[in-house]
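*Asks:* Got a structure for you, questions after.
The values are calculated or read from the model by the stated rules, or taken from the named source; none is laboratory data. A quick note: this is a predicted structure, and the numbers were derived from the prediction, not measured. Methodologically, a virtual Cβ is constructed for each residue, glycine included, from the backbone with ideal geometry; neighbour enumeration extends over all protein chains shown.
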Amino acid sequence: MAAEAPTSTEYIKHHLQNLTYGKLPAGYQRHDGETLQAETWTLAHSPAEAKDMGFMAFNVDTLGVSLVLGVLFLFLFRRVAKSASTAVPTGGQNFVEWIIEFIDSSVRGSFTGRNSMVAPLALTIFIWIFMMNFMDLVPIDWLPKLAAWLSGDPHLFFKVVPTTDPNATFGMSISVFLLVLYYSVKMKGVGGFVGELTLQPFGKFGLPFNLFLEGVNLIAKPVSLALRLFGNMYAGEMIFILIALMGGAWAGFSVGNATLFGSQILLSLGWGIFHILIVTLQAFIFMTLTIVYLDMAHQEHH
């Protein structure tokens with residue numbers, strides 16, 4: 001007998017749930033009624049199980065897709081670099097040189113210090129985030145169904161857009177934040193960095209108020225970086241899911257009528273074209289703010 005089709009709510013929840021691997025305690029009763037006899041590292045089979053795994057759990061799909069895209073980025077750029085020629089350049093070499101010139105001009109326009117790490121970091125951030133965002137343009141069911149077929153589990157969770165996972169966006173933003181703290185202390189010294197937090201903008205007599213304002217401003221940097229990227233990509237993913245649901249509803253409502261099906265295709269295509277701008281813009285914003293924050297970390301305020 002054919003499996004019962006999921007409801008709209010089940011479809012949305014399934015596509016927004018990560019494939020989570022973590023530890024469940026002994027005595028835990030799983031969603032299928034199985035009771036674990038010992039602590040077990042396993043894949044979560046429901047959102048409740050993923051939640052109960054706690055902090056020490058891994059979103060396998062986020063880690064896997066982002067790692068594959070990172071390796072692909074390194075492979076493609078290394079291949080172009082090894083075959084680069086001063087003669088007539090290939091299309092790939094032209095494309096990579098154009099990207100590097102774009103990143104270089106962005107760094108020169110926003111970073112006033114001297115640090116050879118900033119440009120490579122900006123390049124890595126822009127390309128890697130762009131590639132992760134671009135996964136949002138892959139048809140919503142293709143890769144999840146492929147993963148389900150390969151695993152033999154038709155209900156397997158699999159999110160293909162790493163930047164719709166706040167763990168990924170916060171991981172990147174916290175990494176940038178740690179670099180900002182490191183260079184703030186390195187360039188200004190511990191005393192200079194503490195002085196910025198406690199003596200600005202109202203001088204030594206406004207120390208508590210200064211610390212509160214500057215502390216909030218400092219913590220807001222990684223939070224805003226992470227939530228901006230996550231929020232925009234999550235919203236875009238939701239719209240693609242809703243478009244897919246509309247297509248399924250229209251197909252069931254109008255069997256043999258190609259008009260509504262064509263409308264759904266046009267709607268998906270239109271949103272996809274518009275989403276290319278969002279995908280690129282979010283990668284650019286994350287990169288630019290990283291450059292600006294590092295520039296601020298290199299500046300001394302008196």
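*Asks:* Which ones in the range 160-170 are touching an Asp or Glu at 6+ places or on another chain (Cβ under 9 Å) and either over 13 Å from Met131 (Cβ atoms) or in a helix (DSSP H, G or I) (or both)?
*Replies:* Pro162, Thr163, Thr164, Asp165, listed by residue number.
*Asks:* If you scan the range 128-146, which residues turn out to be among the hydrophobic types (A, V, I, L, M, F, W, C) and touching a residue at least 60 places away in the same chain (Cβ under 8 Å)?
*Replies:* Selection gives Trp128, Ile129, Phe130, Met131, Met132, Phe134, Met135, Leu137, Ile140.
*Asks:* Would you check if Val65 is under 30 Å from Met238 (Cα atoms), of a type in the set (Val, Ile, Thr), touching a helix residue (DSSP H, G or I) at 6+ places or on another chain (Cβ under 7 Å) and surrounded by 11 or more Cβ atoms within 10 Å (Cβ to Cβ)?
*Replies:* For Val65, the condition - under 30 Å from Met238 (Cα atoms), of a type in the set (Val, Ile, Thr), touching a helix residue (DSSP H, G or I) at 6+ places or on another chain (Cβ under 7 Å) and surrounded by 11 or more Cβ atoms within 10 Å (Cβ to Cβ) - is met.
*Asks:* Related question: Given the criteria surrounded by 12 or more Cβ atoms within 10 Å (Cβ to Cβ), modelled with pLDDT of 85 or more, in a helix (DSSP H, G or I) and of a type in the set (Gly, Ala, Ser), does Ala244 qualify?
*Replies:* no
*Asks:* Just need a number here: residues in the range 78-123 that are without any contact (Cβ under 8 Å) to a residue 40 or more places away in the chain and either closer than 30 Å to Phe158 by Cβ or not basic (Lys, Arg) (or both).
*Replies:* 32
*Asks:* Something else about it: Can you find a residue that is β-branched (Val, Ile, Thr), out of contact with any strand residue (DSSP E or B) (no Cβ under 9 Å at 6 or more places or on another chain) and surrounded by 13 or more Cβ atoms within 10 Å (Cβ to Cβ) anywhere in the range 211-218?
*Replies:* No, the range 211-218 has no match at all.
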